[in-house]
Amino acid sequence: MPRKPLITDIDLNRTPKALTKLVEEQKRTDIGARTLVKYGNLPGSLTESRIYNIFSGLVKYPSKQEYEALLNAYAKFPSRNRIPLSAQKINQLKTQIEEKRIPKATIAKSLPRYLNFNVSILNQWLKRNTKTADEQTYKAVLDFINAYEPPRKVSIATSDNSRMTEITPIFLQKLEAEIKRTNVQPHMLLRITRIEGVNAAMINDWRKGKRSKAKAEKLDAVLQAYSKL
């Protein structure tokens, strides 16, 4: 059975402006319950289903802590304005995606998660099945496409003289420093720059100490690839 309301709880029936404020914040940010739970630093009681129920009116007495936590979480997100998707905007996107051969999944993964952008939304844009888009999301997509360069292929000499070398603490310090500087994990690096004979699992094995030796050419190529970012 639902608990009895406390004197400190927010009575949404008697104070409809309280719920109106939440709805206004949801519309302003275009942020749903799932994103709030992931990024809003909410108390444990505010699950996705409870947030849905507060908005739908099934929960009539959220606690003061819950209500204030929702407002504080929404306050962290910027306003989301929608802009028209003109034929010119869509043609610009299509042309660059085709000319640069950019995988749609790469575009979607490049955006911050809180924007809730995915390949399906991108396809809706390109097919003009939707007439508007979130301005911040559109700008982020356009900026990524404009800056995108096709993956570069780094060749590594594979002669019989290729030598195995110790993976030293100094190398690992340099590698971690580059990852921190660029904020690019190995799997993302290899989407940007193809390094022959190197994959993300191999680099992570170096980092975890699972491999004590590697070809010197591969170690140098990874650091060189990071240095170009």
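A short reminder: the numbers here are calculations on the coordinates, not readings from a lab. Quick caveat, the model's predicted, so the values are computed rather than measured. So basically every Cβ, Gly included, is an ideal-geometry build from the backbone, and we count neighbours across all protein chains shown.
One-quarter of the Cα convex hull surface for segment 20-81, in nm²? Numbers along the way, then the final one.
Working: hull surface 15.1 nm².
If I average the Cα hull's projected area over directions, I get 3.8 nm².
Q92 to H187: FRET efficiency via 1/(1 + (r/R0)^6), r the Cβ-Cβ distance, R0 25 Å, to the nearest 0.05?
Details: r = 29 Å, r/R0 = 1.17.
That gives a FRET efficiency of 0.30.
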Highest-MSF residue in the chain out of G57, G40, G32 [GNM, Cα springs under 10 Å]: G57
Reference-scaled alpha-carbon Rg (2.2 N^0.38 Å with N residues) for segment 176-225: 1.05
Electrostatic dipole magnitude of the chain [Cβ: Lys, Arg +1; Asp, Glu -1; Cα centre; debye, to 20]: 300 debye
Distance between modelled label sites at R28 and Q173, nm, 7 Å Cα→Cβ extension: 4.8 nm
Computed Rg/Rh of segment 44-177, alpha carbon atoms with Kirkwood Rh: 1.18
Farthest positive-ward along segment 87-137 dipole, Cα basis, beta-carbon charges - from Y114, T137, Q92: Q92
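Taking 0.36 nm per intervening residue step and subtracting the Cα-Cα distance, what contour gain separates R80 from N116 on full extension?
Values: separation 36, 0.36 × 36 = 12.96 nm, distance 1.22 nm.
Gain on stretching R80 to N116: 11.7 nm.
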Amide proton proximity set for T165, modelled H, under 5 Å, gap of 5+: A214, K215, A216
Segment 47-62 versus segment 196-226: alpha-carbon centroid distance in Å: 49 Å
Rg followed by Dmax, in Å, when segment 1-46 is reduced to its Cα trace: 12.9, 34
Kirkwood hydrodynamic radius (C-alpha pairs) into Stokes-Einstein, the chain, 25 °C and 0.890 mPa s, D in µm²/s: 113 µm²/s
Percentage relative contact order, segment 179-229, counting C-alpha pairs under 8 Å, at least six apart: 43 percent
Normalised convex hull volume, segment 75-124, alpha-carbon set, Å³ per residue: 90 Å³
Violating pairs (Cα-Cα greater than 25 angstrom) within the set K100/K228; K27/K139; K139/K218; K100/K139: K139/K218
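Starting from 0.36 nm per residue, how many nanometres of slack lie between D11 and R128 once their C-alpha separation is accounted for? Mind showing how you got there, number by number?
Numbers: separation 117, 0.36 × 117 = 42.12 nm, distance 4.34 nm.
Separation in residues times 0.36 nm, less the Cα-Cα distance, equals 37.8 nm.
Efficiency by 1/(1 + (r/R0)^6): what FRET value for S45 and D143, r their Cβ-Cβ distance, R0 = 35 Å, to the nearest 0.05?
Between S45 and D143 the formula returns 0.35.
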